[in-house]
1. May I ask for the distance between the Cα centers of the range B:117-180 and the range B:370-392, given as a whole number of Å?
2. Extending each Cα 7 Å along its Cβ direction at B:S633 and B:W235, get the distance between those two points in nm, one decimal.
3. For B:T751 and B:E197 in one chain, what is 0.36 nm times their gap in residues minus the Cα-Cα distance, to one decimal in nm?
4. Which lysines, on any chain, are close to B:K191 with Cα under 21 Å apart, when same-chain ones fewer than 8 places away are left out?
5. Relative contact order for the range A:262-301: what is it in percent, counting Cα pairs under 8 Å that are at least 6 residues apart?
6. Determine the shielding of peptide A:99-105 by partner chains: average, over its residues, the number of Cβ atoms on other chains within 10 angstrom of each Cβ.
7. Where Rh is the Kirkwood radius over the Cα pairs of the protein assembly as shown, the temperature 37 °C and the viscosity 0.692 mPa s, what D in µm²/s does Stokes-Einstein return?
8. Which of the GluC sites (Glu not before Pro) across the range B:648-746 are loop residues per DSSP, with 14 or fewer other Cβ within 10 Å?
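Just so you know, all these numbers are worked out from the coordinates, no wet-lab data involved. Bear in mind that the values here come from a model prediction, so they are computed numbers and not experimental data. Using ideal geometry, Cβ is built from the backbone for each residue, glycine included, and neighbour counts are taken over all protein chains shown.
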Amino acid sequence: MTILHSIDELKNQFDTDVLNGKPDKDAFEEIKRKYTSRKGKIAELFAQLGSADPDIRPEAGKALNELKEYITIKLDGLSAVVSDNTEVTAADQLDLTLSGDPFPVGSIHPLTKVIEEITTIFTKLGFSLAYGPEIDTDFYNFEALNILKHHPARDMQDTFYVTDDVVLRTHTSNNQIHMMENHDPPIKVIAPGRVYRNEDVSVRSYCLFHQIEGLYVDKNVSMADLKGVLNYFAREFFGKNVKTRFRPSYFPFTEPSAEMDVSCYFCSQNGCNICKYTGWLEILGCGMVDPEVFKSVGYDPDIWSGYAFGMGIERMAMQRYGIEDIRMFYEGDIRFLRQF
Amino acid sequence: MEISLNWLKQYCQISLPSEEIEKGLTLLGIECTHDSQSLNFTDVVLGRVIDCNPHPESEHLSVCVVDMGNEENYQIVCGAPNVKKDILVPVAKVGATLSDGDFKIKKAKLRGVESKGMICSGKELRLNGDHEGILILDTQLPLGTSIEKVIDFNCDTIFHLDITPNRGDCFSHQGVAREVAILENVLIQQKQLSMVESGLGISEQMKIDILALDGCPRYTARIINGVKIGPSPEWLIEKLTSIGQKSINNVVDAANYVLMDMGHPMHTFDLDKLSSKHINIRFARENEKMVLLDEKERELSTDHLLICDGDLPVALAGIMGGLQSGITEDTTNILIESAYFDPIVIRKGAKKLDLSTDASKRFERDTDIENVIPAMDYLSQLIVELAGGHISQGIIDVYPDKKPQTKISLNLDKCNNLLGISLTPDELIQILDKLSISHEKYGVNLICLIPTYRNDLTREVDLIEEVARVFGYDNIPESKSFSGSFLSFIPDLHNLDGKIRQILSSNGFSEHYSNSLLLEKLNHHFSDKPGISLLNPLSNEMSVLRNSILPGLLSAVAYNEKRQVKGFKLFEIGAIHEMNQESIRLSDEHFYLGMVWHAHSVLHWRKLPDPDLFQVKGEILKTLRMIGLNDISFQSDEVTGLSKSASIFSRDTQIGNFGELSPIRKKEYDIAGQVFVFQANVDILTKLIAKNKLQYEPPSLFPAVTRDIAILVKKNILSEDVIKSIFSLGGNLLKEVTLFDYYEDPSFGSTKKSLAYSLKFQSSDKTLKDKIVDKLITKILQQLKQQFDAIQR
Ligand SMILES: [Zn+2]
């Protein structure tokens, strides 16, 4: 038997060994040792090469090298499969159902969420965002907004006083005055913020709440513009199928004044507890800026017109999330907060 | 305000169903709901008593046989004295209900005699108060007809109105009828009076002087002699109770009725108790006292307007009558006062006494100065009808300066432009007619004459709102486009809040909104700046505005701890207020960020490290870097309310502080666990970030060289100072210094500690040679030795 024979035979033997299905790790190591180790079959044949017939030695040398390469490549390929196998085995040992390190989930307050949602809608329409002071003078909170002293309109808002002339703002409408005082028209701005009312704390009312005020002043602004913007807002916020209704109301700082209702989305206007069986939810107050307000900030009401609107955030958040007790917003109960 | 539908029908024909009126009034700006009264019974039919015999066992009962139109006749036992053969009666069949379903008619035996049904009285059907006998009917309708088809029960509907402060004119049935008339497209009927005057002239019995014309521009009076005070008739009691008013006696009820009907508050005096026969209207003197009808003595001020008998106060004008001169059972002669009082005067006076009455509410919202006499005449007529007597000849009408009727010029284009509609002149005129506003053309404008009851209409824009109201807000189109000027943009403030909220909520913090009204004591916990106190707090617990963001957060910590929630993090961003006498608002407002950690070891199989101040510090640093602040340093500092605390700086500006809540504060907030807090002024952060210009630096192409040094220093040496010293020598090449080991060991002695730093050097233009780095390290160690007495380990 020539060495060439032996080489052929070894190849067949290797193929048989390897073809025996996918070897497990131990079998693979065994095959590797058998053929490629220093005392393995290949090394054995290389050793025999020296004593081989010189005529066939170059041919045998080439064949042996080819076989070595063949085996190496085969084994490399196999090692990938085998090491995959190995990993599966290891994974069986590592219990990945064990809990991962805790990274507790935080949360953004529901009132923030509603405020952001609303401000996003209006900023898309080009409204800027501004803030005004929570403590303000009677002038900014009342007088400049045409809410005159000794007028029953003052009863609409129970007020906290710091002094006779300084109050906790009862609405974000004070921002209207600050904005117009500090900027020349045109103005297009929304102002969210905290407001205070001297009302007993209960399930439905709290001594403070949050509002978003909107103000647009320009030339030739009409009530149709107001309806256009607020209807757009309602469709964005409540969904495109929402219906709105505008009805006359009274605010000393707007004329005409209106209240906007949206169709109750809890009962599809069939009547429910939340809409008090009217089919409508009261959402915001609005109107055309009263000429007296323009006069108080030095705008000429014959040149400028505009609209203003204001909405209560708590009420919208309560409706949106089905929260029944307004006090939940201010308790800081983690079990409440983490749901948002 | 409660309004009765049947009452409204006295003023105009109403064909709309109550639902439509409710909706219509709401869309006219008068928020409205309604309750329809319905029949209180079911299954009551017309029957004929065809036989009636005495009950064998009882004198008071009769045994009747009733024909209800079907084949069978029914035996019914009846206790009414007026039951007899051959009368038509209402019969409640077996199975019928009475009293709104509370009472169900069943087959029964009365004193041994079977009874199948009940013959009803007027009271049982809520038709009238008659309970003495059964109701005997007269009709041609067939037997068995439902009784509601035989008798008109005239069920009323009560509207509950929420009237805005500008619409004082709607505080009466007449006023509401005017609005309903707009819906019905009719005009209201005016009252027809048939008042007869007789006897003595009024001016022979009374003299009236107004000494305070600014408070009382008009005062009128009538006198009725010879009345007899007694109970009111049924119809009046029913009318008043239907809108929630109590009946007192015929004269008082009459005045109340006319108030609810015509809206003008009037007062009735017992004429015989006005001894001076001279009424003076004047302002009260400071501290003048009088006892009002509610039997309480009130101390008055010069804001109060008084009706005086001579100089003796007999009524607090427009608010409440005096006890002394009021109507009693013995009253026979009456003086009726019908006056117009200034709304502001009445409001000031009522506010001062914290007194709000049906009268003051209406005067405050302004009344119709031209309505005083019609209302008084109607009241006079009604009193005579109810209580007898006769009306003295003439009236006293003190009205020196007649109020001119308001005229407003209305421009159609202006109206259309403001509303975004396109009314034609004819359509505008139709609307004005509906509002009873008369008008005449004057150039391109209409001169409109405003009815005297609409005191709220004084300007063109008010009239435009009226037009819009009647036109219907829902009929105003909605603009489909939106245009604006770049000039209308105003720089946004506080963009930072949203970013902070995102960062913190992504890192396990829950956002909290706390009550910014606090117990006064809490304003001393974390700040020594004086806070803002309220003049009229709701309670002691909410008497000041917070001067720190922390108390609210800590209250929430305590709240959660009490509910077995442990190991959580909260934050809040909100305004705090500090007193500033210089400011017109007496206060400075700052936005603050507060963060709290309720530390609690985490129960976890990996045995995670317990949260501590260094974890907190790391979290703060990360947050500040995320919002764009890089040069942050910490300085140990004493902070009010905290133990182990440090101030935090960006360059030289202090932005806030952090630390562990002191044991005293923990006790005060009733918190058991360990709590760490951080607070920062968001206004300052905003300014710093605006200044912070980011500059890109390309990463070095050359390898970095790292060297570690370990030194032994006294414990009072601050690591931060050591790092500063290292950097001062490291020059441009030193990129990072990291403290990687801190060690205290008895072998160092009790005053020493070991600090080990890893220093990273890198050049941007060449590969650093070891030699250069070694040189720097030597210099650094020398300096540390000099500066801190540091021994290299
Ligand atoms: Zn509903």
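1. A separation of 27 Å, based on Cα centres.
2. 9.4
3. 188.3 nm
4. B:K9, B:K239, B:K434
5. 27
6. Mean inter-chain Cβ contacts per residue within 10 Å come to 5.
7. Diffusion coefficient, whole number: 86 µm²/s.
8. Answer by residue number: B:E744.
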